[in-house]
Amino acid sequence: MTDISQVLDDSLRQILAGLELETPIEVNASANILDAVDSFAIVDLLLETEGRIEQVIGRYVPLADETIFDAEKSPLRKWANWTIYVEKRIAE
């Protein structure tokens, strides 16, 4: 697992630990985070992830854009896509 993948997994687990979900989320490559949690948890995930990435790579990388909450285009509809999305944002 790459460092960034670990950062993303740790960020998600941190956010999920603070939520009371009716159905637990199995974190795997196909997990649909967008449908599993509310918009406040998504914002918390973005902030948590941005903070952790900044600590790891030494610079701030904004992750929010117009697709994050889009029901069809969001990279959070599939965890593997979120990982790819974040890695691309870091590379920019």
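Just so it is clear, none of the values below were taken in a lab; they were calculated from the coordinates. All figures in this text were calculated on a predicted structure; none of them were measured in a lab. Because the Cβ atoms are built from the backbone with ideal geometry, glycine has one as well, and the counts that use them run over all protein chains shown.
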Going through segment 16-92, which trypsin sites (Lys or Arg not before Pro) have at most 15 other Cβ atoms within 10 Å and a DSSP loop state?
R59, K73
Extension gain (nm, one decimal) between V61 and A80, 0.36 nm per residue minus Cα-Cα
5.0 nm
Which of T67, T23, T49 fluctuates most in a GNM of the chain (C-alpha springs under 10 Å)? That residue is T23
So which chymotrypsin sites (Phe, Trp or Tyr not before Pro) in segment 40-89 are both in a DSSP loop and have at most 12 other Cβ atoms within 10 Å of their Cβ?
Y60
Let me understand the chain better: what is its radius of gyration from the alpha carbons, and its Dmax, in angstrom?
12.2, 38
Those GluC sites (Glu not before Pro) in segment 14-77 that DSSP places in a loop and that have at most 10 other beta carbons within 10 Å:
E20, E22, E26, E66, E72
Would you compute, from DSSP H runs of 4+ residues alone, the mean residue ellipticity of the chain at 222 nm, taking -39500 (n - 2.57) per run and dividing by the full residue count, rounded to the nearest 500?
-17500 deg cm²/dmol
Nearest 20 debye, what's the magnitude of the dipole of the chain about its Cα centre given +1 on Lys and Arg Cβ and -1 on Asp and Glu Cβ?
280
Between E72 and E20, 0.36 nm times their residue separation minus their Cα-Cα distance comes to what?
16.2 nm
Given the options I15, I57, I33, state which has the largest fluctuation in a GNM of the chain using a 10 Å cut-off (strictly under) for Cα springs.
I57
Farthest towards the positive end of the dipole of segment 3-91, among N32, T49, T83 and with Cβ unit charges of +1 on Lys and Arg and -1 on Asp and Glu, lies the Cα of T83
Nearest 10 degrees, 0 to 90: what angle lies between the long axis of helix 3-17 and the longest principal axis of the chain (Cα atoms)?
30
